[in-house]
Amino acid sequence: VLALQTIADGLVLGGLYALAAVGFSLIFGVMGVVNLSHGALVMIGAYLAWFLWQMTGIDPLLAIPPIMVVLFVTGYAYQRLLIQLAVDRSSLLTSLLVTFGVALMLRNTLVLVFSPDLRSITPAYAGRPLAVGGIVFDPVRVAALAASLVLLWALASVLRRTRVGRVIRATAQHELAARLCGVNALHVYGMTFGVSAAFAGASGAILGIVLPFSPPDEALWTLNAFVVVVLGGIGSPAGALLGGLLLGLISTGTSHLIGPAFPNAMMFLILVAMLLLRPAGLLGNAFAGSR
Amino acid sequence: MIAAAIRQYRHWILATLLLLVVLAFLPFLVAPFYVRVAQLVLLSAALALAWTLLGGFAGYWSFGHTAFIGLGAFAAGLFETNLMRGAPLSGLGAGLVVGSALCAVVAALVAWPILRLRGIYFAVAMLGVAQVLAELNNNIDAFNLSLGLVLPRIAAFGLRPEAVFYYLLLIATFLTLLIAFAVKTSRTGYGLVALREDEDTARMLGVPTERFKIAMFILSAAITGAIGVIYAHSLGYITTGSVYRTDFSLNMIVYNLLGGMGTLVGPLIGSLVMVVLTQVVLGRLLSIHMLITGALLVLLVLLAPNGLVGIWQRRSAQ
């Protein structure tokens with residue numbers, strides 16, 4: 001029963017990891033940019049949800065659409081005004097420094113605006129656990145997992161079926177060919193970044209009801225996103241889902257079997273091992289830059 | 001080759017020696033606070049130079065070089081507190097050897113798998129290595145390192161402690177500069193330039209890229225480890241958090257970028273400007289320190305992608 005409980009907890013956490021990572025994965029796949037400020041965008045989503053909940057009592061899950069809109073606009077502007085400039089002026093590698101600088105600025109701003117204290121959001125349906133066959137399900141966590149899965153499915157359908165999705169996939173496959181077919185690549189990059197930021201914000205809102213959070217957590221969420229992407233594979237929601245669920249299982253499994261201090265070390269060991277053995281991830285195509 | 005290089009760069013060498021003479025008298029001329037700042041500049045410069053052996057020359061940007069600071073610091077600390085009690089100065093000497101040797105061994109072990117990765121993947125794998133080592137350092141009970149380690153006090157020639165570490169770091173920076181100069185002007189140095197510009201072509205033309213980059217990785221790690229040992233002693237008491245610091249790894253890159261990637265003057269100028277700016281000018285603005293550092297990083301990449309040396313070169317070319 002304990003093992004089953006561990007697996008159930010791992011899956012809930014994994015759904016959240018997957019949603020937090022999917023945007024990071026999309027940017028990495030389409031532009032080759034590693035966005036070190038991704039975790040900061042997740043935290044912005046969490047703080048926006050917290051703020052709305054404090055001010056108006058809106059449930060964080062209902063606050064997701066407006067948060068996604070705000071972050072989409074922010075993400076679009078961020079890419080067009082800053083990241084594209086940096087990539088043009090020097091190299092893809094320096095985008096690491098730019099996004100890291102932005103992450104520092106955002107973290108500091110969040111501390112100034114919301115204070116460095118731990119925050120958490122407790123919706124009305126919190127704290128009424130359901131027991132099914134000896135395994136305890138917290139309704140908050142079930143809602144979080146369901147919301148994560150719905151959003152991931154929505155993104156997958158957008159990418160697969162809509163015109164925007166098709167253009168984004170085309171640019172990811174071959175930028176030059178896509179441009180020759182009349183795609184405005186810069187606009188597509190901005191859109192991709194906007195979508196990525198929107199999903200980061202949504203995962204932040206969900207994160208708020210599951211875990212307590214504070215501004216320095218952004219670094220952790222960026223790293224989580226990276227591990228998820230490396231595990232699952234670049235650029236696809238399915239890869240992010242697989243990677244996220246695996247990471248959730250690994251981290252709850254490690255703290256259950258080896259010790260509560262070791263999930264991070266285990267996570268990085270797996271990260272390095274995956275980079276070496278199968279840099280394309282479990283699902284996903286080999287990508288040129290790795291070797 | 002070295003003789004020709006010395007003739008070619010004789011103005012630079014003369015300037016360096018003059019600067020060294022001036023710096024040797026600095027602790028007697030300025031207030032202790034500024035000796036502290038100078039010590040920090042030298043620490044940063046030495047680290048940035050050690051990093052550039054691999055990152056600047058070979059183009060392999062490590063995002064986890066703080067692994068070697070931590071490894072060197074704790075290896076030397078354990079060695080000195082357990083085996084060399086009562087002889088702090090010779091202990092420091094032995095600690096330097098032990099620390100850098102362990103870093104060289106660890107670098108040699110991880111070099112072969114990790115240096116097969118390129119670009120962002122290498123950068124992130126090194127970040128992972130640093131994190132794993134830090135976590136292990138904190139969580140393996142055999143050495144009880146999570147409580148931290150108190151190192152023997154170093155005192156010499158009746159100097160104030162900040163002056164002692166100032167001189168140690170001055171020597172370390174100068175030696176690292178010498179090593180970097182020797183590498184850059186050697187056959188290996190030219191091979192590394194070829195490797196950085198296009199690794200596959202260099203390999204095709206007969207440059208032993210694998211051997212060169214592994215050698216640079218080990219050399220860079222050993223020097224970083226030795227600097228880590230000195231840094232640990234200057235702190236006196238070390239914990240995982242105070243030597244395995246991600247901001248060290250990032251700062252090594254920032255100093256190089258600000259000064260000029262792949263040059264020898266670059267890391268020196270970069271650390272001078274950045275340390276003076278963040279410690280002296282922004283020292284009083286603690287609550288928005290990160291905000292300003294982040295903004296500086298962004299501006300730096302946008303305005304001076306080739307560093308201050310790059311601006312100067314463009315000026316003199318016109």
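The values are calculated or read from the model by the stated rules, or taken from the named source; none is laboratory data. In this text the structure is predicted, and so the values were computed from the model without any measurement. Heads up, the Cβs are rebuilt from the backbone with ideal geometry, glycines too, and the neighbour counts pull from every protein chain shown. Heavy atoms of the whole protein, side chains included, go into the accessibility calculation; ligands, DNA and RNA do not. Shrake-Rupley method; radii C 1.70, N 1.55, O 1.52, S 1.80 Å.
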What FRET efficiency do you get for B:THR81 and A:LEU118 if R0 is 35 Å and r is their Cβ-Cβ distance, rounded to the nearest 0.05?
-> 0.45
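How much of the accessible area of the protein assembly as shown, in percent, comes from carbon and sulfur atoms when a 1.4 Å probe is used?
69 percent
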Averaged per residue, the 1.4 Å probe accessible area of the range B:166-208, protein heavy atoms only, in Å², is roughly 53 Å²
Listed peptides A:148-155, B:101-108 by packing density, highest first (mean Cβ within 10 Å) | B:101-108, A:148-155
Mind checking which of A:VAL30, A:VAL210, A:VAL42 is farthest towards the positive end of chain A's charge dipole, using Cβ charges of +1 (Lys, Arg) and -1 (Asp, Glu) about the Cα centre?
-> A:VAL30
Averaged over A:85-91, how many beta carbons belonging to a partner chain fall within 10 Å of each residue's beta carbon?
-> 4
Residue ranges of DSSP H helices in chain B that stretch 27 Å or more (Cα, own long axis) and have mean Kyte-Doolittle hydropathy of at least 0.5 are B:10-29, B:32-54, B:88-114, B:119-139, B:161-184, B:209-235
Using only the Cα atoms of the range A:114-270, each taken as one equal point scatterer with no solvent, compute I(q) by the Debye sum, divide by I(0), and report log10 of the ratio at q = 0.11, 0.14, 0.17 Å⁻¹.
-> -0.58, -0.88, -1.18
Given a Förster radius of 56 Å and the C-beta distance between B:ARG315 and A:CYS181 as r, what FRET efficiency does 1/(1 + (r/R0)^6) yield to the nearest 0.05?
-> 0.85
Across all Cα atoms of chain A, Rg and the largest Cα-Cα distance (Dmax), in Å, are 18.5, 59
Can you tell me the relative contact order of the range A:104-220? Whole percent, Cα pairs under 8 Å, sequence separation 6 or more.
-> 38 percent
Magnitude of the Cβ-charge dipole of chain A, K/R +1 and D/E -1, about the Cα centre, nearest 20 debye?
-> 740 debye
Quick one: ranking A:MET105, A:MET55 by accessible area, 1.4 Å probe, largest first, what do you get?
-> A:MET55, A:MET105
In Å, descending, principal axis extents of the Cα set of the range A:20-134 = 54, 37, 23
FRET efficiency, B:ARG160 to A:ARG160 (Cβ-Cβ, R0 60 Å, nearest 0.05) | 0.30
Among A:213-223, A:198-208, the order from most to least packed when residues are scored by Cβ within 10 Å on average = A:198-208, A:213-223
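For peptide B:245-254, what's the mean number of Cβ atoms from other chains within 10 Å of each residue's Cβ?
Per residue, the number of nearby Cβ atoms from other chains is 2 on average.
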Just A:ALA147, A:ALA21, A:ALA178 to compare: in a GNM of chain A, with alpha carbon springs under 10 Å, which one fluctuates most?
-> A:ALA178
Note to self: with every protein chain in place and a 1.4 Å probe, the range A:142-291 gives an accessible area per residue in Å² of 42 Å²
Dimensions of the range B:119-218 along principal axes (Cα, Å, largest first)?
-> 54, 38, 20
Per residue convex hull volume, Cα atoms of the range B:21-118, in Å³ | 135 Å³
Among A:LEU186, A:LEU106, A:LEU11, whose mean-square fluctuation peaks in a Gaussian network model of chain A (Cα, cutoff 10 Å)?
-> A:LEU186
How many partner chain Cβ atoms sit within 10 Å of a residue's Cβ in peptide A:105-114, on average, as a whole number?
-> 4
Dividing the alpha-carbon Rg of the protein assembly as shown by 2.2 N^0.38 Å yields what?
-> 1.00
Please give the per residue accessible area of the range B:264-313, computed with a probe of 1.4 Å over protein heavy atoms only, in Å².
-> 50 Å²
Work out, step by step, the length gained on full extension between A:ILE258 and A:ALA273: first 0.36 nm times the residue separation, then minus their alpha carbon distance; give nm to one decimal.
-> 3.5 nm
A convex hull over the alpha carbons of the range B:3-65 yields, per residue, a volume in Å³ of 100 Å³
For A:GLU175 the rounded accessible area (nearest 10 Å², probe 1.4 Å, non-protein molecules ignored) is 70 Å²
What percent does the relative contact order of the range B:164-318 come to when contacts are Cα pairs within less than 8 Å and at least six residues apart?
-> 17 percent
Relative contact order of chain B, defined on C-alpha pairs under 8 angstrom at six or more residues apart (%) = 30 percent
